[in-house]
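Have a look at the structure below, then the notes.
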Amino acid sequence: MNTYHVEQMKSKKDFEEMMLGILNPLKPFYSEKKALLKVGHTSCCYEDSTIPMEAFARPLWGLAPYWAGGGRDPEFEEIYKKGLAAGTDPDNSEYWLKCRDYDQKFVEMAAIAYGILMAPDKVWDPLSEEEKDHLAAWLEEINHYECSPNNWQFFCILVNVALKSQGRPYNQERIDIGMKRIDSYYCGDGWYYDGNNGQKDYYIAFAIHFYSVIYTMFMDDADHERCEIFRDRARKFAKQFIYWFDEDGSSIPYGRSQTYRFAQVAFFSICAAAKLDVLPLPVMKGIITRHLVNWMNRPIFDNAGVLSIGYGYPHLTMSEEYNGPGSPYWSMKAFAFLALPADDPFWSAESAPLPELEELKTLEHGDMVVQRIGHHVTAYVPGRTMPHVFVNSEEKYCKFAYSTEFGFSVPRSQKEMREAAPDSTMAFVIDGYVFVKKTTLDYKIENHSLAITWTPLAGITVETKIIPTEQGHRREHTVTSEYACEAYDCGFAVAMDSVERFSKKEEKNLAEARNEMSFCCVKAVETEGEATVLDAIPNSNVLHTKTAIPMVRYEIPKGTSHFVTEIINA
């Protein structure tokens, strides 16, 4: 892949070439009749027959706005004309099959609906009347099955809006039901839950708000009042969500679906496409540009130029059970702004830096305190409040802090500390097994600090207070345990081996890991501890292939004990 620089990304052509540079390597992997895209051999939780269909659909998140903005690529146009015809024809060998309740194909229908809405001259009009009938009938199946009660409600909404746009039978009742459910997830300041039992994570930005803004682009005449509500919520959310972004364009690795990578900026991209003034135009362009450049310069593609499953590098361990080989192309949502015409002010605007932001910001309805130290962002969160549903939920939601600088780590096993790689958490070791922060029993966010009651396993309850400081944060723990054990209060995972001048320090109550770019120091403040720096097993951290984790070991007696740890990373 090319090396990109922010100052070189000036014209619309520069961004179009970036987008096509991501998708062009896929061309050799489409099937004979073009309805399937086979780019890997790993499986996931839905039918294997759907995996290449998902991979076929997701590039449309980038191609549709590219075509809408006047872009031309005859080869992709032919691929999607043939593929949509073959995939929806029951008599074709590459037919995508009938649907079922909670079908993964509903997710991919949204990308096709987006294509029909954004670029009907490329996605709908080239089809014959019979092919249009097949496509409409296949899409309409979504109205006869259940969609998950979360952001999936928008798949049904967008499909019906797309069918309506082409004068095809659609189901207004399903749109209304979906809208009622989406409204029930709203909690204030632009924030939603991802379903009534869901977390607040990137699905609020690159799913619920993303689809809401699409709705406003095509339904303003028919449903103006609702569109105004969506626009108002997007403006409020933008003023909160901007705090997730670093000066260099990176965004906080947090929550599930991190393999969608640069979809993190999709919210600002679709707002730009819709000419929705959630932030000043140069600020939005700056966020989008720096974010895309940051990602394009990371080793996220395989040797064939195909996006890998992973985050900062190919990394299957951190993925969810629903991540197939083509899943990472959800990230193409980031290119929604390509729908803007060549003469739009967006293209001549400068990429402005972030505006002045508060160094410490409580996102009340986002359940998070965000701290800006230097150029980096740290988010302090209370932890997982929903049941364990997705792989490594504890690592993605339950650490004390998440950082654009350090990323977070996921375990290879619970059998040994190196394999558990417990960064930015408190890890209890019992009979050789490692237990980390699991269920949040209760929490309170007040005065930019968090008070959390949690448990790693039955028999141990911890009350933790997290207090941001000028150099990092302070953790105050009260541990009530039914048995004697040991616990490690762990700092951030610091990159080693592939960076210059890495060093580590282990003193009585202080452990430190440092490289030329960053460092983390963990210090026992009021109680004696044993300092150590753990060399985590390779490929556990989502950003860095090899890391060292400074930590302090405490003896945990039966009964109640109190510990205070200082984390310094400024």
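Just so you know, all these numbers are worked out from the coordinates, no wet-lab data involved. None of these values were measured; they are calculated from a predicted model. Note: ideal-geometry Cβ built from the backbone for every residue, glycine included; neighbour counts use all protein chains shown.
Worth a mention:
- Extension gain, Lys180 back to Val525 (0.36 nm per residue minus Cα-Cα distance, nm): 119.1 nm
- Only one residue of Gly167, Phe428, Leu117 has its Cα farthest out toward the positive end of the dipole of the chain, where Lys and Arg carry +1 and Asp and Glu -1 on Cβ, and that residue is Phe428.
- For a straight C-alpha distance cut-off of 22 angstrom, the lysines reachable from Lys508 (same-chain residues fewer than eight places away being disregarded) are Lys523.
- Length gained on full extension, Glu47 to Tyr313, computed as 0.36 nm times the residue gap minus the Cα-Cα distance: 93.1 nm.
- Table column - 3J(HN,Hα) (Hz), segment 340-352, Karplus curve with 6.51, -1.76, 1.60, x for Gly and Pro: 5, x, 4, 9, 6, x, 3, 6, 8, 5, 6, 7, 6
- Charge dipole magnitude, Cβ of K and R +1, D and E -1 - the chain, Cα centre, debye nearest 20: 380
- Modelled this way, with points 7 Å down the Cα-to-C-beta line, the labels at Ala304 and Gln166 are 2.9 nm from one another.
- Shape category assigned to segment 53-160 from the gyration tensor of Cα positions, a/c cut at 1.5: oblate
- Ellipsoid equivalent to segment 360-568 - semi-axes via the Cα gyration tensor, in Å: 23, 20, 17
- Most positive-pole-ward Cα, Phe155, Thr439, Ala207, against dipole of the chain from beta carbon charges: Thr439
- Efficiency of FRET from Cβ geometry, Asp535 and Thr478, R₀ 35 Å, rounded to 0.05: 0.70
- Helix 74-87 axis, angle to the chain major axis (alpha carbon atoms, nearest 10°): 90
- Bridging of Lys415 to lysines at a Cα separation below 18 Å is possible for Lys437, Lys438, once same-chain residues fewer than 8 apart are set aside.
- Against the rule of thumb 2.2 N^0.38 Å, how large the Cα Rg of the chain comes out: 0.98
- Degrees, to the nearest 10: 281-296 long Cα axis against longest axis of the chain: 80
- When shorter helices are ignored and each DSSP H run of at least 4 residues is given -39500 (n - 2.57), the per-residue value for the chain at 222 nm works out to -8500 deg cm²/dmol.
- For segment 433-495, the square roots a ≥ b ≥ c of the C-alpha gyration tensor eigenvalues yield an a/c of 1.5 or more together with a/b not exceeding b/c, which makes the shape oblate.
- Assuming charge only on the beta carbon of Lys and Arg (+1) and of Asp and Glu (-1), the dipole of segment 313-443 about its Cα centre is about 480 debye to the nearest 20.
- The chain, relative contact order in percent, only Cα pairs under 8 angstrom and at least six apart counted: 12
- When each of Lys200/Lys399; Lys236/Lys275; Lys505/Lys546; Lys285/Lys361; Lys38/Lys82 is checked by Cα-Cα distance, pairs over 20 Å: Lys285/Lys361
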